[in-house]
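Bear in mind these aren't lab numbers, they're just calculated from the coordinates by the rules spelled out. Bear in mind that the values here come from a model prediction, so they are computed numbers and not experimental data. Cβ sites come from the backbone with ideal geometry, for glycine too, and all protein chains shown count toward neighbours.
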Amino acid sequence: MSEMKVFRKLDALRAFRRENRDGHWGLVPTMGFLHPGHLELVRRARADHPREDGGRVAVSLFVNPTQFGEPEDLAHYPRALERDLQLLEEAGVDLVFCPSDEDMYPPGFQTYVHLEHVTQPLEGASRPTHFRGVATVLAKLFNLVQPDRAYFGQKDAQQTVVVRRLVKDLDFDLEVVVCPTVREADGLAMSSRNARLSEPQRAAAPVLFRTLQIARQALEEGERDGDLLRQRMRQEIRSEPLAELDYVSVADPDTLLELPVIGTSALLSLAVSFGAVRLIDNLPIDDLKPINSEPIAE
Ligand code: PAF
């Protein structure tokens, strides 16, 4: 299989997968409008699944309606199918799955995957049905494509926690691979939403990464009080007039619950709107020195 195969129909994909059981498969699930962050996931999947070893790389392009709260946001989500297919062909992808909404969610559809706890805080607080949609579509994609590995960006930190939990709890036989966030030169995390920022909003948007770096530096300098860190982050976001703060968080990386006191690791994250465009970013922090760990001088 060297030519890229494009499947729009679920049955055709399933039949193809039944006839092509050999080799290991990597899946990069996306909502299309690909940017260098997605292509980095594809590159990593390709490297992990070399053709010469029978490895295969599949990419899904599907703007999943069930993970959008506001119909407006869904209507405005950018799309560029032909350009995406071209980029994926150039990236050496073996298979693309781009189904229609009607085929993924036909009339009568009523089965959703709901995770109890990790979906509640952060993004879940502002977008209560978002992760139900993400978990449902991923369960469907895993069933249809049957990958050995699935690739996600660290940029959607809570999504990575949700996916790991989903895979563990529902016994999907696959490995979740999380790849580092890809950033613009000024630190802005790459996202399909960035294309919707006006020029002044785009100029203001690096405030997200700057805020995360300020919190990281404070942690590195020994600050361990969660409230003070969150306060410092809020202050930085509020210094940017075009930015409207949704949340800042200094949380446990596994439970996503806010930390009153930081131990050796934390997930710093935030969500900020610029007009109608809502952006998120995060920095995972590991291996902090526990406070009071220095030996007491005699
Ligand atoms: O991260 C995304 O683009 C989406 O949430 C995903 C994982 C493709 C599910 O629709």
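Check cross-link reach from K289 to the aspartates and glutamates: straight Cα distance under 12 Å, and skip same-chain residues fewer than eight apart.
E220, E221, E223
Tell me, what is a quarter of the convex hull surface for the C-alpha atoms of the stretch 117-162, in nm² with one decimal? Before the final figure, lay out the partial values.
Working: hull surface 13.4 nm².
If I average the Cα hull's projected area over directions, I get 3.3 nm².
Semi-axes of the equivalent ellipsoid for the stretch 169-254, please: Cα gyration tensor eigenvalues, times 5, square-rooted, ordered largest first, whole Å.
On the way: eigenvalues 128, 95, 29 Å².
They are 25, 22, 12 Å, listed from largest to smallest.
Please enumerate, by chain and number, the aspartates and glutamates with C-alpha under 17 Å from the C-alpha of K155, excluding those fewer than 8 residues away in the same chain.
E40, E123, E184, D186, D246, D252, D254, D281, D286
Return the distance in nm (one decimal) between the two label points of a simple spin-label model at V6 and D227, each offset 7 Å from Cα along Cα→Cβ.
Result for the modelled spin labels: 5.7 nm.
Subtracting the Cα-Cα distance from 0.36 nm times the residue separation, let me have the gained length for D186 to A80 in nm, one decimal. The partial results should precede the final answer.
Details: separation 106, 0.36 × 106 = 38.16 nm, distance 2.53 nm.
Full extension from D186 to A80 adds 35.6 nm.
For the stretch 1-113, rounded, prolate or oblate, judged on the Cα gyration tensor with a ≥ b ≥ c (square roots of eigenvalues), a/c < 1.5 rounded, else prolate if a/b > b/c?
Numbers: a/c = 2.17, a/b = 1.40, b/c = 1.55.
In terms of gyration-tensor shape, oblate.
Is the shape of the stretch 62-119 best called rounded, prolate or oblate, per the rule: a/c under 1.5 gives rounded, else a/b larger than b/c gives prolate, else oblate, with a ≥ b ≥ c the square roots of the Cα gyration tensor eigenvalues?
In terms of gyration-tensor shape, prolate.
What is the P(r) of the stretch 1-65, as percent of Cα-Cα pairs per 10 Å bin from 0?
Spelled out per bin, shortest first, that is 19, 51, 28, 2.
Take the eigenvalues of the Cα gyration tensor for the stretch 212-298, scale each by 5, and report the square roots as semi-axes in whole Å, largest first. Write out the running numbers ahead of the final one.
Numbers: eigenvalues 155, 35, 17 Å².
Over the Cα atoms of the stretch 212-298, the ellipsoid semi-axes are 28, 13, 9 Å.
Suppose each label sits 7 Å from its Cα in the direction of the beta carbon; what would the S239-L170 distance come out to in nanometres?
Each label point lies 7 Å from its Cα, and together they span 4.4 nm.
Between A15 and V261, what length comes free when the chain is fully extended (0.36 nm per residue of separation minus the Cα-Cα distance, one decimal in nm)?
Working: separation 246, 0.36 × 246 = 88.56 nm, distance 5.26 nm.
That pair, A15 and V261, stretches by 83.3 nm at full extension.
Could you tell me which helices of the chain pass both thresholds, a Cα extent of 20 Å or more along their own axis and a mean Kyte-Doolittle hydropathy of at least -0.5, with helices taken as whole DSSP H runs? Kindly include the intermediate steps, with their values, before the conclusion.
Working: long enough: 130-145 (22 Å, 1.06).
The qualifying helices are 130-145.
Specify the inter-centroid distance of the stretch 127-170 and the stretch 208-223, based on alpha-carbon positions, in whole Å.
Centre-to-centre distance over Cα atoms comes out at 29 Å.
Would you report the distance distribution of C-alpha pairs in the chain as whole percents per 10 angstrom bin, up to the bin with the largest distance?
6, 26, 33, 23, 10, 2, 0, 0
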